[in-house]
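Here's the structure, in structure tokens; my notes come after.
The values are calculated or read from the model by the stated rules, or taken from the named source; none is laboratory data. Because the structure is predicted, anything quoted here is derived from the model rather than measured. Ideal geometry is used to build each Cβ from the backbone, glycine not excepted, and the neighbour counts take in all protein chains shown. The protein model used for the area step is the full one, side chains on, heavy atoms only, and it has no ligands, DNA or RNA in it. Shrake-Rupley method; radii C 1.70, N 1.55, O 1.52, S 1.80 Å.
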Amino acid sequence: MTTVGFIGSGHIGGTVARLAVAAGYDVVLSNSRGPETLKELVDELGPKASAGTSAEAAAAGDLVIVSVPLGVYRDVPVEPLAGKTVLDTNNYYTQRDGAIPELDADSTTSSELLQRHLPTSKVVKAFNNIYFVHLQALARPAGAADRSVLAISGDDAGAKGEAAAFLERIGYDALDAGTLADGWRFQPGTPAYGGLYAGENENFWESPGVPVGASALQAKLDAAQR
Ligand SMILES: NC(=O)c1ccc[n+]([C@@H]2O[C@H](COP(=O)([O-])OP(=O)(O)OC[C@H]3O[C@@H](n4cnc5c(N)ncnc54)[C@H](OP(=O)(O)O)[C@@H]3O)[C@@H](O)[C@H]2O)c1
């Protein structure tokens, strides 16, 4: 029995929570405004879901998803995440997050910033390059011919294994895209970001989502330029 904690329960956090509950996990949600503001989502998800503060969700999770605007990453509670595997969905958008000079200079990656903030946690980058609508729509049981693959990257092999096992259970295969420093290969602006799961020739916003296999994702990761 695994409980998944959520720091941020918006578009992408809420979608991962829906997939997790459908796969049999318990979830503890949190946001910036307080647990009472998550009542609608908790009611929708049913008895396997509850809401708490960010610290409570972090403490409750055997595995924790951080899914907030990157600009507030320093608000993510540190102590209750000590030693835990943390899946990082965050992306850097200057207009939303404010300028972060190290990222503008490409001298680090957004997931390395979160790892630095959470020194004893094991951060794995995941879910950042798929639109939440496509994430919900493309989940498939293991073995389905049209099951999609998602990239993960991280510095701890055990944590990447945990991340892959979670992905596999909620409807996706996992492709190991290297270390946190390699995470730029599927950050905003790269070929593997967003549009890949919308289909090359589809209107992104109208696309219902198009399954993506490992060779197609690997080709996009290989084509990334910094
Ligand atoms: N949207 C997508 O399809 C998508 C896909 C992949 C990755 N991402 C990335 O994933 C992250 C989340 O995106 P999103 O679209 O899910 O955003 P969103 O819908 O705006 O949700 C953000 C969540 O973070 C919470 N939050 C904000 N500030 C917080 C703080 N200081 N402490 C705790 N929680 C806080 C918000 O709570 P309140 O509502 O209470 O403020 C909300 O629950 C972003 O970095 C985004 O770039 C998004």
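Sites listed here are chymotrypsin sites (Phe, Trp or Tyr not before Pro) in the range 109-215 whose DSSP assignment is loop and whose Cβ has at most 11 other Cβ atoms within 10 Å: Trp205. Within the shell of other residues whose beta carbon sits under 12 angstrom from the beta carbon of Ser30, the net charge comes to -2, with Lys and Arg scored +1 and Asp and Glu -1. Computed from Cα atoms alone, the Kirkwood hydrodynamic radius reported for the range 81-151 is 14.2 Å.
Share of carbon and sulfur in the accessible area of the range 3-223 stands at 53%, probe radius 1.4 Å. Projecting the Cα atoms of Ala23, Asn129, Ala105 onto the dipole axis of the range 3-223, where Lys and Arg carry +1 and Asp and Glu carry -1 at the beta carbon, places Ala23 farthest toward the positive end. Cross-link partners for Lys48 among the aspartates and glutamates, with Cα-Cα distance under 15 Å and sequence neighbours closer than 8 places in the same chain left out: Asp26, Glu40, Asp62. Computed per residue of the chain from DSSP H runs no shorter than four, each worth -39500 (n - 2.57), the mean residue ellipticity at 222 nm is -8500 deg cm²/dmol. Report the far tail of the P(r) of the range 116-226, meaning the percent of Cα-Cα pairs longer than 24 Å. Counting pairs separated by more than 24 Å, the tail of P(r) holds 21 percent. With a Förster radius of 30 Å applied to the C-beta separation of Arg33 and Phe204, the computed FRET efficiency comes to 0.55. One quarter of the surface of the convex hull around the alpha-carbon atoms of the chain equals 11.7 nm², the direction-averaged projected area. Across the alpha-carbon atoms of the range 9-131, the computed radius of gyration and Dmax are 14.3, 46 angstrom. Taking other residues whose beta carbon is less than 9 angstrom from the beta carbon of Gly5, and scoring Lys, Arg as +1 and Asp, Glu as -1, yields -1. Using the 1.4 Å probe convention, the accessible area of the chain works out to 43 Å² per residue with neighbouring protein chains retained.
To the nearest 20 Debye, how big is the dipole of the chain about its Cα centre, given +1 on the beta carbon of each Lys and Arg and -1 on that of each Asp and Glu?
I would put it at about 120 debye.
Cross-link partners of Lys125 among lysines, defined as those whose alpha carbon lies under 16 angstrom from its own and excluding same-chain residues fewer than eight positions apart: Lys84, Lys160.
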